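What follows is calculated from the coordinates using simple rules that are stated; it is not laboratory data. In this text the structure is predicted, and so the values were computed from the model without any measurement. We place every Cβ from the backbone using ideal geometry, glycine too, and count neighbours over all the protein chains shown.
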Amino acid sequence: MSSERFKEWVMPKIEEGKLTQYNWLVQHKKGLVLGEKTDIGAFTYINAKNGVEIKELCQVGSHCSIYSESTIDGKTGKVILEKNSRIGSHTVIMPGVTIGENSIIGAHSFVNKDIPANVVAIGCPAKVIKKL
């Protein structure tokens, strides 16, 4: 990843249930841990009621949904995006999932299980298709 990309990066101002200056929002903001030099795309929704940790250098595409609680099936659990993981646009990440360091999730994926480090995963549900 180019160091130029984040040369002027500043921590976004996060207010409960309101869009950030980059047009993404968080519910239960006290449960969010956001690492430095992260890039979260517009219209992404983060429910951090049970914890969401997005580590440094992560990229999350636009229109993604990250849930630490599912009201449909009652599942709960902390979501962790490890360092330098990248999430394609329109992806849904369900409660209790960890995305491993340097892993890439393809656009429009549904992630309901942990994804190991250094892989590419895609699909509904997301499956590993390649090691990096």
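Worth a mention:
- Output for region 57-85, where each listed residue is in contact with a strand residue (DSSP E or B) (Cβ under 9 Å, 6 or more places away or on another chain) and charged (D, E, K, R): GLU69, LYS75, LYS78, GLU82
- Only one of LYS113, LYS130 that is part of a loop (DSSP other than H, G, I, E, B) and farther than 17 Å from VAL60 by Cβ: LYS113
- For region 38-57, the candidate set comprises residues that are under 10 Å from the mean Cα position of the chain (by Cα) and surrounded by fewer than 17 Cβ atoms within 10 Å (Cβ to Cβ); within that set, the residue that is nearest to ASN102 (Cα to Cα) is ASP39.
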